[in-house]
1. Val51 fails exactly one of the following numbered conditions: (1) in contact (Cβ under 8 Å) with a residue 60 or more places away in the chain; (2) surrounded by 15 or more Cβ atoms within 10 Å (Cβ to Cβ). What is the number of that condition?
2. Consider region 112-126. How many of its residues are farther than 16 Å from Leu252 by Cβ and in a helix (DSSP H, G or I)?
3. Just one of the numbered conditions (1) in contact with a Ser or Thr (Cβ under 9 Å, 6 or more places away or on another chain); (2) open to solvent by 50 Å² or more (accessible area, probe 1.4 Å); (3) over 12 Å from Thr257 (Cβ atoms) is not true of Gly85; which one?
4. Of all residues being of a type outside the set (A, V, I, L, M, F, W, C) and under 27 Å from the mean Cα position of the chain (by Cα) in region 1-29, which is modelled with the highest pLDDT? Just the residue, please.
5. Can you tell me which residue within region 273-320, out of those that are more than 24 Å from Ala16 (Cβ to Cβ) and β-branched (Val, Ile, Thr), is farthest from the chain's Cα centre (by Cα)?
6. Return the residues of region 279-320 that are in contact with a Cys (Cβ under 8 Å, 6 or more places away or on another chain) and open to solvent by less than 10 Å² (accessible area, probe 1.4 Å); say none if nothing qualifies.
7. Quick check on this structure: which one of Val140, Val161, Val166, Val155 is out of contact with any strand residue (DSSP E or B) (no Cβ under 6 Å at 6 or more places or on another chain) and surrounded by fewer than 17 Cβ atoms within 10 Å (Cβ to Cβ)?
8. Quick one: which helices (runs of 4 or more DSSP H) lie wholly within region 34-109 and hold at least 3 residues that are modelled with pLDDT of 85 or more?
Amino acid sequence: MTVRVGPWSVRLAPRALLTCAALLAVLCVVSVAALSTGEFTVPVPDIAHAVFGQGTPVAELIVSRLRAPRVVTGLLVGAAFGVSGAIFQSLTRNPLGSPDFIGFTAGASAGGIVAVVAGGTAAQIAGGALAGCVVTALLVYALAFRRGVQGYRLVLVGIGVNALLVAANSYLLTRANINDAATAGAWLTGSLSGRGWDHAIPVALALAVLLPMCAAVARPMRMIEMGDDAARAMGIRGEAVRAVAITAGVLLSGVATAAAGPVVFVALAAPQLARRLTRSPGVTLGASALMGAVLLTAADLAAQRLLAPTQLPVGVLTAAIGGTYLALLLRKDRR
């Protein structure tokens with residue numbers, strides 16, 4: 001279905017729109033549950049009053065200052081990971097082409113560990129994670145570049161760099177003192193605990209800047225999925241599109257990791273689940289963003305409530321779910 005607005009035309013897929021609407025509804029339900037439940041239950045009608053500053057002091061404290069920043073950070077980080085995974089899976093034409101496997105998450109982890117070992121503040125740890133992700137991306141891109149960057153080469157080089165960085169991270173942890181090693185280990189798990197508005201705002205700004213870039217190259221990326229020759233015949237400059245897409249994907253992954261730590265498997269699973277639900281042949285940025293937000297927010301809610309009053313880091317739950325999903329994915333590909 002094509003909608004025309006003056007000189008512009010937009011192609012809309014009804015199934016994709018219905019899927020996004022359903023994911024948005026699920027996201028609202030999960031978010032309200034996260035805001036309402038806990039050691040102190042806040043009735044659903046009181047949540048809106050607390051958000052707009054018209055609730056009781058206790059409700060405003062719990063909802064606006066404690067739970068809402070955590071929920072919003074989870075939504076934004078999940079969306080960033082989902083879009084980043086969709087971009088790299090499209091570029092590599094491989095369901096395993098996610099930041100978790102091609103080294104970017106490991107690079108961000110290395111930057112964060114270095115900042116922790118150096119005694120950095122929370123802001124410096126976040127900056128180290130972002131810098132590590134960017135440096136790793138430049139290294140992978142340079143090593144994979146041979147008259148352009150092909151998807152399979154990017155995956156192979158990324159897997160090799162990822163293995164080296166995992167080994168380097170383990171070495172750094174063994175050389176750190178016990179307090180720094182404990183802090184770095186907790187950060188490496190990935191968690192939304194203690195997240196405030198100072199964590200959510202940078203991710204929101206990054207999404208506001210980078211999502212339009214991703215939307216601009218989404219259609220050319222679908223053409224590139226058919227092969228460089230076909231894309232070139234349609235007048236698409238493949239390397240320029242890849243450069244913009246990789247830049248946006250790396251920054252989204254780095255910012256998300258800086259805010260919540262290296263939460264694994266969200267970037268891997270969200271785009272694949274979104275593509276299966278929408279039955280879209282190409283990259284699905286909007287559905288991937290919503291799916292990533294749903295997965296991370298629901299996993300964090302479960303991590304808080306399953307073993308209450310004990311709370312698990314959200315990265316533990318996403319790793320368990322993602323590992324099961326990866327096994328099923330590999331089993332299906334083998335068939």
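1. With respect to (1) in contact (Cβ under 8 Å) with a residue 60 or more places away in the chain; (2) surrounded by 15 or more Cβ atoms within 10 Å (Cβ to Cβ), Val51 is out only on (1).
2. 10
3. (2)
4. Checking each candidate, the answer is Thr19.
5. Filtering first and then ranking leaves Thr310.
6. Within region 279-320, Ala287 is the sole residue that qualifies.
7. Exactly one of Val140, Val161, Val166, Val155 is out of contact with any strand residue (DSSP E or B) (no Cβ under 6 Å at 6 or more places or on another chain) and surrounded by fewer than 17 Cβ atoms within 10 Å (Cβ to Cβ), namely Val166.
8. Helices (runs of 4 or more DSSP H) meeting the threshold: 68-92.
The values are calculated or read from the model by the stated rules, or taken from the named source; none is laboratory data. The structure presented is a predicted model; accordingly, all values stated were derived computationally and were not measured. Here the Cβ is made from the backbone with ideal geometry for all residues, glycine too, and neighbour counts use every protein chain on show. Areas reflect the complete protein model, heavy atoms only, side chains present, ligands, DNA and RNA absent. Shrake-Rupley method; radii C 1.70, N 1.55, O 1.52, S 1.80 Å.
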